[in-house]
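The values are calculated or read from the model by the stated rules, or taken from the named source; none is laboratory data. Keep in mind that what you see is a predicted model, and the values were worked out from it rather than measured. Ideal geometry is used to build each Cβ from the backbone, glycine not excepted, and the neighbour counts take in all protein chains shown. The protein model used for the area step is the full one, side chains on, heavy atoms only, and it has no ligands, DNA or RNA in it. Shrake-Rupley method; radii C 1.70, N 1.55, O 1.52, S 1.80 Å.
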Amino acid sequence: MPSISNKGQAMPESPIRKLVPYAEAAIKKGRNIYQLNIGQPDIKTPAKALAAVKDNAIEVLSYSHSAGFESYRNKLSQYYRNHNIDVAPDELIITTGGSEALLFTMGSICDAGDEVIIPEPFYANYNGFATSSGVKVVPVKSKIEEGFALPPISEFEKLITEKTKAILICNPGNPTGYLYTKEEIDQLAEIVKKHDLFIVADEVYREFAYDGAKHYSIMGVPGIEQNAIMIDSVSKRYSMCGARIGCMASKNKEVMSTAMKFAQARLSPPTFAQIASEAALDTPQDYFEEVIKEYTSRRNLLVEGLEQIPGVKVAKPKGAFYCIAELPVKDAEDFAKWLLESFELNNETVMVAPAAGFYSTPNTGLNQVRIAYVLKKENLEKALEILKAALKEYKG
Ligand SMILES: Cc1ncc(COP(=O)(O)O)c(C=O)c1O
């Protein structure tokens, strides 16, 4: 039989999706599952975005510009300006989700064997994007005890080699919920300037900052215009995960013209979804105020509930809609499977994502899970009850 590639064999499974077969089997048994494993919000997509797709008179569903509709880039640039982020329309490439923006970025700045330093735990698919780009992830550990704040900059410095091309951060963080302070962003800016590295900031959760905290974009730091690359997406901002629209942005013309070659090779981002995303930009600010209020109260309920379960440790998120919880178990993956295969409370159970896959250091985060607070409060309350009862019963 012809053999598959080493790269294909090295591709990691997504820790977010790998328990799906167990969930499917549980559903077949008639069990109701509270899915806290995946960042699929139950928040409604803005009606304007959906209406724009329904109400248009397109006769030919054609390709668009490889960088995305000009009208969309113009409007998006204005959106960023309203958020104090200065990005011109020609400094933007519309992509098929933030996922493709990350792939274009790695493809544009890294050769096989190059290294990217990432604070861990990090969004698990960075491992997949890095593997498919031949890039080596070099983790720098952030700690639950410190709320997953930026590790000391000296820790980054120790890891820089001649192979290092970039530092990649997620702000606010998935899975940590940590929101970097201005001082932390400035420290990162200093180090990339000093060592002539790129800084890639995945800001897909920018709008989700709680308790009045302010988000500091990498694009707002003076002096690193040629180093900074921003990743963005409509998936979470407008609860439009299925649209598959994101973007990459940089003031570095060489980066953007290189990324454009990747963009041309895949022709264009999806047309209908760009129509929806452009219309979504008219969403009034009170939509976000409502959504942020909702996520804040879900977060509070979840964190307070988890803190009351004996042996559970949690870092209170300041943004995004995830938290990492340390559980009184040895192997959180075994526990997560057991929840789906063997446990029920009134014929219901909970699905969580084992956190080890959010680390690239082996044998790390083994007793942690990532929980997404993407369900309404009644369901989060039930999920907490189930987790509490399950942890009492689980032997492991
Ligand atoms: C941190 C982060 N970056 C990027 C993505 C990719 O998002 P999408 O491709 O849906 O835009 C996600 C999705 O969950 C994410 O959490």
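Descriptive notes on the structure:
- Condition check for Tyr216: part of a loop (DSSP other than H, G, I, E, B) and more than 16 Å from the ligand (Cβ to nearest atom): yes
- Those helices (runs of 4 or more DSSP H) lying entirely in the range 284-396 with at least 2 residues farther than 15 Å from Ile33 by Cβ, open to solvent by 40 Å² or more (accessible area, probe 1.4 Å) and out of contact with any strand residue (DSSP E or B) (no Cβ under 9 Å at 6 or more places or on another chain): 285-307, 377-393
- Each residue in the range 244-283 was checked for being outside any helix (DSSP H, G or I) and closer than 16 Å to Glu100 by Cα, and 12 pass.
- The number of residues in the range 103-148 that are among the β-branched types (Val, Ile, Thr) and more than 29 Å from Arg266 (Cβ to Cβ) comes to 2.
- Any chance Ile43 is part of a loop (DSSP other than H, G, I, E, B), open to solvent by 20 Å² or more (accessible area, probe 1.4 Å) and touching a residue at least 24 places away in the same chain (Cβ under 8 Å): yes
- Residue that is hydrophobic (A, V, I, L, M, F, W, C), farther than 26 Å from Asp86 by Cβ and either in a helix (DSSP H, G or I) or touching a strand residue (DSSP E or B) at 6+ places or on another chain (Cβ under 6 Å) (or both), where the choices are Phe148, Phe129: Phe129
- Top-ranked residue in the range 9-21 [being of a type outside the set (A, V, I, L, M, F, W, C) and surrounded by 18 or more Cβ atoms within 10 Å (Cβ to Cβ); ranked as nearest to the chain's Cα centre (by Cα)]: Pro15
- Residues of the range 109-132 that are open to solvent by less than 40 Å² (accessible area, probe 1.4 Å) and either among the aromatic types (Phe, Trp, Tyr) or more than 15 Å from the ligand (Cβ to nearest atom) (or both): Ile109, Cys110, Gly113, Asp114, Glu115, Ile117, Phe122, Tyr126, Phe129, Thr131.
- Selected residue [farther than 23 Å from Ala259 by Cβ, among the β-branched types (Val, Ile, Thr), within 19 Å of the chain's Cα centre (by Cα) and in a strand (DSSP E or B)] from Val140, Val116: Val140
- Filtering the range 79-103 to residues that are in contact (Cβ under 8 Å) with a residue 24 or more places away in the chain, more than 16 Å from the ligand (Cβ to nearest atom), in a helix (DSSP H, G or I) and open to solvent by 50 Å² or more (accessible area, probe 1.4 Å) leaves only Asp90.
- Residue selected from the range 280-290 under the condition modelled with pLDDT of 95 or more and under 23 Å from the mean Cα position of the chain (by Cα), by the criterion nearest to Lys48 (Cα to Cα): Ala280
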